[in-house]
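First the structure, in the form of structure tokens, and then the observations on it.
The values are calculated or read from the model by the stated rules, or taken from the named source; none is laboratory data. Computed from a prediction, not measured in an experiment: that's the story for all the values here. Counting neighbours? That spans all protein chains shown, and the Cβs are built from the backbone with ideal geometry, glycine included.
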Amino acid sequence: MYREILKDLKEWKDRIGRKPLLLTGVRQCGKTYILEKFARENFKSHVLINFEESEKISAIFDFDFDVRRIISELELYSKTKIVPGETCVILDEIQECPRAITSLKYFCENMRELHLVCVGSLLGVAIKKQQISFPVGKVNRLELHPMDFREFLSAKGREDLIKVFEDWPVDREIPELYSVQMKKLLKEFFVVGGMPEAVKTWVETGSIEEVERIQTDILRDYADDFSKHAPESEVIKMRWIWDSIPVQLARENRKFMFSHVREGKRAADLEDALQWLVDAGLVSKLYMVENPESPLSGFADKSYFKVYMCDVGLLRIKSKVDSETIFDETPSYMRFKGAFTENYVLNELISSGKEPYFWHSGNTAEIDFMYERKGDLIPVEVKSAENTQAKSYKLFCQKYKPRVGFKLSLKNIAENSLEETRTYSIPLYLSWTLDRYQGMD
């Protein structure tokens with residue numbers, strides 16, 4: 001299946017001053033698959049070393065950090081000649097070998113011509129747990145997320161729809177010829193999500209039962225990781241937090257409340273467990289900014305945040321929402337529809353490289369997301385249906401006068417001015433097109 005990150009990998013391959021590459025991402029989001037695909041398509045040969053499958057390989061890195069000796073022994077192990085410029089070396093699950101992580105410094109300094117790619121699922125967790133010496137400044141980094149909606153369309157064989165909307169004019173309404181299909185596909189995405197195995201199974205079988213079996217297994221694997229990799233004292237707390245996320249998102253005010261995780265528990269008791277989930281890539285924290293100025297990160301209130309899951313399909317399974325509830329939009333779906341829609345939009349923003357926050361002022365005024373791009377602070381209001389009336393959005397534009405803003409909903413495409421803000425109403429299924437509207441005159 002096609003992944004957008006292939007473009008970034010190819011850019012890294014040809015970059016002057018390239019360093020060893022570290023690819024991170026939540027477990028089972030397709031890191032190893034996409035690296036092997038990249039290596040097959042761009043190199044004469046490749047070597048894949050998986051530290052999790054064979055602990056003995058770590059011995060190659062135990063003796064010293066002579067990179068030529070290490071490569072020589074990797075050649076013997078893999079039975080493959082490693083030629084810089086022609087061979088891609090992939091070190092998978094590198095968090096299982098701390099000295100291999102440290103060795104990246106020496107590969108950067110002494111064999112930069114080699115295309116060396118390292119993969120880590122729980123790297124952030126491992127570095128803290130094992131106190132690994134991380135080679136700061138000696139690696140390039142990329143992060144892979146679960147598939148976004150555009151990649152889902154591609155997997156479904158709907159590149160025709162992607163092409164249709166690449167240059168869609170903002171002054172042309174989207175006819176039912178396209179909108180009906182896109183809304184149906186978006187519902188599918190809310191059900192299936194973006195975990196590659198689930199998407200592949202859906203495309204090949206069309207079986208909800210098989211998709212849900214895979215999603216359930218993934219959630220169980222994640223829960224097993226708590227016991228395997230987290231401090232014993234934090235495991236039960238992590239399970240409490242993990243189980244509370246759907247309930248907290250279903251509340252009208254989606255602010256994460258530690259007191260709602262477990263009665264009598266405070267932030268001091270649970271914040272380390274929550275941070276483990278963040279470091280593992282399983283959840284994202286969305287911080288509040290009350291006075292939006294650039295950089296947003298400098299004005300974020302780290303004590304006021306919302307927590308979302310890495311994949312909307314996994315959120316559905318964890319919320320125990322039946323697929324037919326989404327396809328048919330039954331009344332029982334209304335409790336979760338807004339949460340699923342926000343989680344979807346957040347993941348789309350993150351996948352496209354943005355760092356979102358949300359604006360909150362007073363008791364009621366709130367903008368779902370905002371981010372910075374090319375000097376602009378861009379507000380994004382999200383609605384799960386066609387109603388785009390938003391008092392908070394209007395208040396934000398009056399007060400801060402952003403140049404561009406977006407309303408994402410199921411309403412058709414449109415443009416209008418609000419105060420000094422050029423506002424685009426964009427259908428939820430076109431969340432991946434936002435960047436091209438920012439620069440429109």
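Descriptive notes on the structure:
- Checked against (1) under 24 Å from Gln215 (Cβ atoms); (2) out of contact with any Ser or Thr (no Cβ under 8 Å at 6 or more places or on another chain); (3) surrounded by 20 or more Cβ atoms within 10 Å (Cβ to Cβ), Glu348 passes all but a single condition, namely (2).
- For the range 276-295, a residue qualifies if it is surrounded by 18 or more Cβ atoms within 10 Å (Cβ to Cβ) and polar (S, T, N, Q), and exactly one does: Ser284.
- Within the range 405-427, the residues that satisfy the criterion of being over 26 Å from the mean Cα position of the chain (by Cα), outside any loop (DSSP other than H, G, I, E, B) and more than 17 Å from Met370 (Cα to Cα) are Ala414, Glu415, Asn416, Ser417.
- Residues of the range 144-172 classified as modelled with pLDDT of 95 or more and not in a helix (DSSP H, G or I), total: 8
- Some residue of the range 327-336 being free of Cβ contacts under 8 Å to residues at least 12 places away in the same chain and closer than 18 Å to Ser294 by Cβ: no
- A Cβ distance below 9 Å, combined with a sequence gap of six or more or placement on separate chains, defines the contacts here; from the range 89-107, residues that are in the same structural domain as Val67 (by TED's automatic domain parsing) reach residues that are among the basic types (Lys, Arg) and part of a helix (DSSP H, G or I) in the pairs Asp92/Lys31.
- Of the helices (runs of 4 or more DSSP H) that lie entirely inside the range 1-73, those containing 2 or more residues that are touching a strand residue (DSSP E or B) at 6+ places or on another chain (Cβ under 9 Å) span 5-13, 31-42.
- Residues that are of a type in the set (A, V, I, L, M, F, W, C) and within 16 Å of Leu282 (Cβ to Cβ), drawn from the range 243-259: Ile245, Leu249, Phe256
- Residue within the range 385-401 that is hydroxyl-bearing (Ser, Thr, Tyr) and touching a helix residue (DSSP H, G or I) at 6+ places or on another chain (Cβ under 9 Å) present: no
- Candidate set from the range 74-113 (those that are within 15 Å of Pro135 (Cβ to Cβ) and outside any helix (DSSP H, G or I)); member that is nearest to the chain's Cα centre (by Cα): Leu91
- Sub-7 Å Cβ pairs linking a first residue in the range 59-81 that is touching a residue at least 24 places away in the same chain (Cβ under 8 Å) and assigned by TED's automatic domain parsing to the domain that holds Ser103 to a second residue that is outside any loop (DSSP other than H, G, I, E, B) and charged (D, E, K, R), at least 6 apart or interchain, are Phe61/Arg99; Asp62/Arg99; Lys81/Glu75, ordered by first then second residue.
- All helices (runs of 4 or more DSSP H) inside the range 252-341 with 3 or more residues being within 21 Å of Ala230 (Cα to Cα) and under 21 Å from the mean Cα position of the chain (by Cα): 267-279
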